[in-house]
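In what follows, a single structure is set out as structure tokens and then discussed.
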Amino acid sequence: MGNHTRFDFEHNVTGALADDQLRKNLRKAMDILVDKRRTVFPDSEYLEQLRSAGNAIKRRALKQLPRLLEQLEVNCTKNGIQVHWAEDTAEANRIVLDIMRRHEAPAIVKGKSMVSEEMHLNRFLDEQGLEAVETDLGEFIIQLNHETPSHIIVPAIHKNKDEVAAIFHDKIPDTPYTEDVEELTAIARRVLRKRFAAAKVGLSGVNFAIAETGTLLLVENEGNGRMCTTVPEVHVAVMGLEKVIEKLSDVPPLLRLLTGSATGQVITTYVNMISSPRKSGEKDGPKEVHLVILDNGRSRMLADPEFRQTLLCIRCGTCLNHCPVYVRIGGHAYGHVYPGPIGKILTPQMEGLERAGVLATASSLCGACGEVCPVRIPIPDLIRRLRNESYDQDGSAVVEGGGYKKNLAETLVWKGWELANRSPLLNGIGTRLAGKLGKRIPRVGPLKKWTRVRTSPKVARCSLHERARNEGVNNE
Amino acid sequence: MEKRVSPDQSDQIYFFGTCLMDAAYPDAGMAAIRLLEAQGVEVTFPQDQSCCGQPAYNSGFIREARAVARKQIRVFAKPYPIIVPSGSCAGMMKHHYPDLFAGTPDEADAHRFSERVYEWSEYLATVLEVKLEDRGDPLTITWHSSCHALREMDVIRYSKALIRQLKNVTLVELERETECCGFGGTFAVKQPAISAAMVKDKVADITRTGASTVVAGDCGCLMNITGAMQHAGVAIAGKHLAEFLWERTNG
């Protein structure tokens, strides 16, 4: 936390909006993902039932989270999985580092994991003189280009085929330029196979951790996840503490929601269920399995009955795909690990409002995210709550940096608005005055921003109040 | 069509004009009132009404929002249905007032108020079961769905059902009908660049339909879209559904 460069959202937005190629890539990719989801959930009644079930399962898990986490630890330990607790990302990074040092591993092969992004693990290991090798194809592409993921599920979604071809040609030695997807995939495979074979430690994320059985569930499509978790001698899984669910029978609805929402698949190519290291007599599998459970502000979210709903998230990314803001500015503009609607509510809670509160303003509250969320997180309501906390009128803010936007000018504007709308007399004077001034209303402040791409709103000479009164509509 | 039972099937109804319609679209407001009256109901327009409170509610100024909302609850005191010519204001009054007043002495009043709220086209189509006779010339139009009419009030089917009663009107739908136009109240001025990109795409979508008029049920969207069309020199008219239907049936 806190070691990213200064965050200038406006600058990021301006840059993204000016990048025609980026916007074309995003629109095309989002249309495909939206279509695939629609196709995989053709029956809306069934989908709504499933979403309710998903919401209920995750709610039930959050309600008894401390107990489930303890149970998970007990059962994992019983299975031979070593459990580590990390209060913050620095602690999580140190745990991974210690494991690598103990095994004298110069590099770690990584399956896709957003928590490892949250930890900024790659940069941390680099600073320690160690190497993190991304093995998910999208992650591999952007790592070559020294970028971070721009999407939770499809990290290189902002790149098109031609751009990937150029990156491979430039960054992988002795690689002839090709735009053929099969060939590009084969190149990545050739590079990565060697890294899998040589790695002593592999890392993965966790989609669901089942408390009842001590099982770590991981979905993926490329097989790289299975390689990372089975080929090296040591497997380290990292997860946010909200990933725990109560029992095995909770898995099917959640899995259906996750893969359907994320990639429009009924099921992913690989569903890994990891329940122990290699047992005696077995010929393959890691000799050690570690589970790192990260808090990083999640306990604080859990403590608030409304913000707690942020932790329902199963990281499917469908809110990004359906967001009219994300599709125009892309993930990098959000300046933090988690972009899109979920990022707008997650990031300010993790980083504090002062640093990331601006993200809560980047929503028209159109409701598209809340409509598709597979676990029914009321994202627009939580965005609105963060806006309230930014001004913290009654001193009840729970998010760090609450009240950071308090200022006299804006308070006076809204106080004036309130008075005008409570007093029929003032209200009447206001609309009449605006009607008389018409086009002479000075284009300053909000109106200046409005008229950059629009004509001024035309205030009527005679308001509806006056018309109704003059044309004989009943008053009270 | 699914029919909502009005709490008061008497001939008395309230009309909530919305602050935007009051200031910028009074013709649409009068048309909305006249169309209701033409169905034989008596419309009351309380002169002390103002704004639903949503601008402040969505901007972090919840106290001011509550004060203004409370005023409306007091003003619309009789048990008449409250008809609102905006999916957004109706959504605020129907779905957000209960939250806004939760735990306050006005909670019960807020609930009773919310239960009486109808979006204008919803009331015409479902409770009054209006029959429209088109008297206009053949015309091709397109329709813009406001996000809150679509997702909070779920009344788009009623608005479109009314349009489809007009025999000389061809409705060409937008390619991305469910995508926000970029208005979002204060969003348009707090994130002007993103909002501008959104409305630009919306105008392009509208233009591609070949329609000469875009009809919408929300004045906020309408102000955003027509403002952008005029600025860009696009010669397509924008009209609120109420004004459009009134003109078509009384032309």
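The values are calculated or read from the model by the stated rules, or taken from the named source; none is laboratory data. Just so you know, these numbers come straight off a predicted model, no measurement behind them. Neighbour counts run over all protein chains shown; Cβ positions are idealised from the backbone, glycine included.
Of all residues in region A:201-228, those that are at positive phi have Cβ atoms under 6 Å from Cβ atoms of residues that are crowded, with 24+ Cβ neighbours inside 10 Å, 6 or more apart or on another chain, in A:214/A:76. Note on region A:294-327: residues that are surrounded by 22 or more Cβ atoms within 10 Å (Cβ to Cβ), within 12 Å of chain B (Cβ to nearest Cβ) and touching a Leu at 6+ places or on another chain (Cβ under 8 Å) total 2. Among all positions in region B:114-127, there is at least one residue which is over 30 Å from residue A:326 (Cβ atoms), touching a residue at least 60 places away in the same chain (Cβ under 8 Å), surrounded by fewer than 20 Cβ atoms within 10 Å (Cβ to Cβ) and of a type in the set (A, V, I, L, M, F, W, C). Total residues in region B:130-150 satisfying the condition of being over 13 Å from the mean Cα position of the chain (by Cα) and farther than 12 Å from residue B:211 by Cβ: the figure is 9.
Pull up region B:136-167, narrow it to residues that are among the basic types (Lys, Arg) and either surrounded by fewer than 17 Cβ atoms within 10 Å (Cβ to Cβ) or not assigned by TED's automatic domain parsing to the domain that holds residue B:205 (or both), then point me to the one that is farthest from residue B:90 (Cα to Cα). Among those residues, the one meeting the criterion is B:167. Counting just the residues of region A:458-468 that are of a type in the set (Lys, Arg) and not in a helix (DSSP H, G or I), which one comes out nearest to the other protein chains (Cβ to nearest Cβ)? Ranking the candidates gives A:458 first. When the residues of region B:69-107 are narrowed to those that are under 24 Å from residue B:24 (Cα atoms) and touching a Lys or Arg at 6+ places or on another chain (Cβ under 6 Å), which ends up farthest from the other protein chains (Cβ to nearest Cβ)? The qualifying residue farthest from the other protein chains (Cβ to nearest Cβ) is B:82. Cβ-Cβ contacts under 7 Å between residues 6 or more apart (or on different chains), taken from a first residue in region B:134-159 that is aliphatic (A, V, I, L, M) to a second residue that is part of a loop (DSSP other than H, G, I, E, B), are listed as B:139/B:168; B:139/B:212; B:141/B:211; B:149/B:155; B:149/B:217; B:149/B:218; B:150/B:178; B:156/B:145. Tell me, please, whether a residue that is within 7 Å of chain B (Cβ to nearest Cβ) and β-branched (Val, Ile, Thr) can be found in region A:440-457. The answer is yes; a qualifying residue exists. Free of Cβ contacts under 8 Å to residues at least 12 places away in the same chain and part of a helix (DSSP H, G or I): does that describe residue B:189? Yes; evaluated as a whole, the condition is true for this residue. All conditions in (1) surrounded by 19 or more Cβ atoms within 10 Å (Cβ to Cβ); (2) facing chain B (nearest Cβ under 10 Å) hold for residue A:471, with the sole exception of (1). For the residues A:276, A:299, the requirement of being of a type in the set (S, T, N, Q) and either over 20 Å from residue A:223 (Cα atoms) or at pLDDT below 95 (or both) singles out A:299.
Considering only region A:68-136, give the helices (runs of 4 or more DSSP H) lying wholly within it that have at least 3 residues that are among the hydroxyl-bearing types (Ser, Thr, Tyr) and touching a residue at least 60 places away in the same chain (Cβ under 8 Å).
Correct list: empty, since no element meets the threshold.
The residue list B:132, B:35, B:124, B:139 contains one member that is modelled with pLDDT of 95 or more, in contact with a Phe, Trp or Tyr (Cβ under 6 Å, 6 or more places away or on another chain) and either under 25 Å from residue A:463 (Cα atoms) or away from chain A (no Cβ under 12 Å) (or both), which is B:35. Per the listing B:54, B:49, the residue uniquely surrounded by 24 or more Cβ atoms within 10 Å (Cβ to Cβ) and at the interface with another protein chain (Cβ under 9 Å from one of its Cβ atoms) is B:49.
Among residues of region A:431-456 that are within 22 Å of residue B:183 (Cβ to Cβ), those with a beta-carbon under 6 Å from a residue that is at pLDDT below 85 at least six positions away or on a different chain give the pairs A:451/A:443.
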